[in-house]
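**Q** Quick one: the structure is below, questions incoming.
The values are calculated or read from the model by the stated rules, or taken from the named source; none is laboratory data. All of these numbers come straight from a predicted model, not from anything done at the bench. Here Cβ is always computed from backbone atoms with ideal geometry, including for glycine, and neighbour counts include all displayed protein chains.
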Amino acid sequence: MTRRTRLGTFVAAGAALAVLFVWALTGLHAFGDFQGEYGRILNRTAGSQRHVTNVVAAIVFDYRGFDTLGEESILFAAVIGIALLLREARDEGERRIDVVRSDFIRAVGLFAVGPTVLVGLYVIAHGYLTPGGAFQGGVATASGLVLLYAAGRYRAYRAASPKAMVDLVEGTGIGTYTALGVASLAVGSAYLANVVDLGTKGTLASGGTIPILNAASALAVIAAVVLICHEFLEELMTPA
Amino acid sequence: MSFLPYALAAWLFFVGLYGVVTSRHLVHLVVCLGVMQSSSYVLLLAIGYRTGKKAPIFTSGVPVKLGAVDPVVQALTLTDVVVSVTATALILALVVEIWKRSGKLDPDSLRKKET
């Protein structure tokens, strides 16, 4: 297909799609006037039912916890896919030189590693109390580790995150999530039902299984981001 | 005024799609795909918005009676973002493989080589 015919096809198909899209949008309620009962009920009851203050976290790790298991499986499958694609034909040749030459960038960047990881862990730990959670905090924590490469050198990043350990952390995260679901079956409840003591609302010890699933997801997310960066940086470091 | 967020979602979708169709560079194509994906975040959050309501986080001092915007679409958006990021990373890995095998990044030149 030439560019010309492709563009022509796109204009025709795009116009048809646009008509359907706009037609669908006109069926929506006016902006700001959402009447869905599901979210309204959860906003009213999640706090007293699950003893957490962040309703979104209660949905992600409890009410729709099974969906999050699927989401994590996608994450896991993508990481495996990337590792399969990029690890395959890689020869362990000599590394390219990767020294950051600016002292200023190195100093500021390496100074930021600790605070970034700390902020990430804080966001994870308070995910079910205030805005945040495993996914947001997990990416922040992992980006703190990637700073070791960006402002320092690749070898420091690799040393801080040995592949065998990261693989193990990734598996532990997904495994804990799945195992907790099976554990709730074992005590006679539904899969991933909240069977742990709910604790005091507004404290770190609240939410029953929510903090556990939050922590398990955080491990999986940190390890996944670190592994993805490993694989891509490895491409960069070995001479083509 | 009340349709503007929906219009933004539609605009992001079609601009991204135009970029994907006309792209001359695979990395650029992945970025355009990212623009398309952002349209779904805007659409989801716009659907769940309630005028005058705050985030669905009821820390001490925030009475539950006040209500909040819809938390379900926010959780869906979170899932959406995570899936987008992993899909983007996987596609970029495919792009790296294509570049290693053919030395080319223009989708058109790949097609010509095969036929």
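**Q** Tell me whether the stretch A:79-92 contains one or more residues that are buried (at least 22 other Cβ atoms within 10 Å of the Cβ) and not small (Gly, Ala, Ser). Break it down stepwise before answering.
**A** Start the filter on the stretch A:79-92 by keeping residues that are buried (at least 22 other Cβ atoms within 10 Å of the Cβ), which leaves A:79, A:82.
Now narrow it down to the ones that are not small (Gly, Ala, Ser): A:79, A:82.
Within the stretch A:79-92, one or more residues are buried (at least 22 other Cβ atoms within 10 Å of the Cβ) and not small (Gly, Ala, Ser).
**Q** Only one of (1) out of contact with any Leu (no Cβ under 8 Å at 6 or more places or on another chain); (2) of a type in the set (Lys, Arg); (3) surrounded by fewer than 15 Cβ atoms within 10 Å (Cβ to Cβ) fails for B:Arg50. Which number is that?
**A** B:Arg50 satisfies all of (1) out of contact with any Leu (no Cβ under 8 Å at 6 or more places or on another chain); (2) of a type in the set (Lys, Arg); (3) surrounded by fewer than 15 Cβ atoms within 10 Å (Cβ to Cβ) except (3).
**Q** Of the conditions (1) in contact with a Gly (Cβ under 6 Å, 6 or more places away or on another chain); (2) at pLDDT below 85; (3) of a type outside the set (A, V, I, L, M); (4) over 30 Å from A:Ser206 (Cα atoms), B:Arg111 satisfies every one except a single condition; which number is it?
**A** (1)
**Q** Among A:Tyr149, A:Tyr177, A:Tyr157, which is touching a residue at least 24 places away in the same chain (Cβ under 8 Å) and under 30 Å from A:Asp62 (Cβ atoms)? Before the answer, list the steps.
**A** Numbers: A:Tyr149 fails: under 30 Å from A:Asp62 (Cβ atoms); A:Tyr157 fails: under 30 Å from A:Asp62 (Cβ atoms).
Result of the check over A:Tyr149, A:Tyr177, A:Tyr157: A:Tyr177.
**Q** Another question, then. Looking at the stretch A:17-35, can you tell me whether even one residue there is under 30 Å from A:Ala151 (Cα atoms), at pLDDT 90 or above and not charged (D, E, K, R)?
**A** no
**Q** Consider A:Ala46 carefully, then state whether it is within 9 Å of another protein chain (Cβ to nearest Cβ) and either of a type in the set (Val, Ile, Thr) or without any contact (Cβ under 8 Å) to a residue 60 or more places away in the chain (or both).
**A** In short, yes.
**Q** Same structure, new question: Scan B:Leu45, B:Leu92, B:Leu66, B:Leu110 and give me the residue that is of a type outside the set (Asp, Glu), more than 8 Å from chain A (Cβ to nearest Cβ) and in contact (Cβ under 8 Å) with a residue 24 or more places away in the chain.
**A** Selected residue: B:Leu45, the only one of B:Leu45, B:Leu92, B:Leu66, B:Leu110 that is of a type outside the set (Asp, Glu), more than 8 Å from chain A (Cβ to nearest Cβ) and in contact (Cβ under 8 Å) with a residue 24 or more places away in the chain.
**Q** Something else: Kindly indicate which of B:Thr79, B:Thr88 is assigned to a helix (DSSP H, G or I) and buried (at least 18 other Cβ atoms within 10 Å of the Cβ).
**A** Sole residue among the options that is assigned to a helix (DSSP H, G or I) and buried (at least 18 other Cβ atoms within 10 Å of the Cβ): B:Thr79.
**Q** Restricted to the stretch A:190-215, and to residues that are under 17 Å from the mean Cα position of the chain (by Cα) and in contact (Cβ under 8 Å) with a residue 60 or more places away in the chain, which residue is surrounded by the fewest Cβ atoms within 10 Å (Cβ to Cβ)?
**A** The extreme case among them is A:Ala215.
**Q** Also, I was wondering about something else. Could you please give the count of residues in the stretch B:95-104 that are β-branched (Val, Ile, Thr) and either without any contact (Cβ under 8 Å) to a residue 60 or more places away in the chain or outside any helix (DSSP H, G or I) (or both)?
**A** So the answer is 1.
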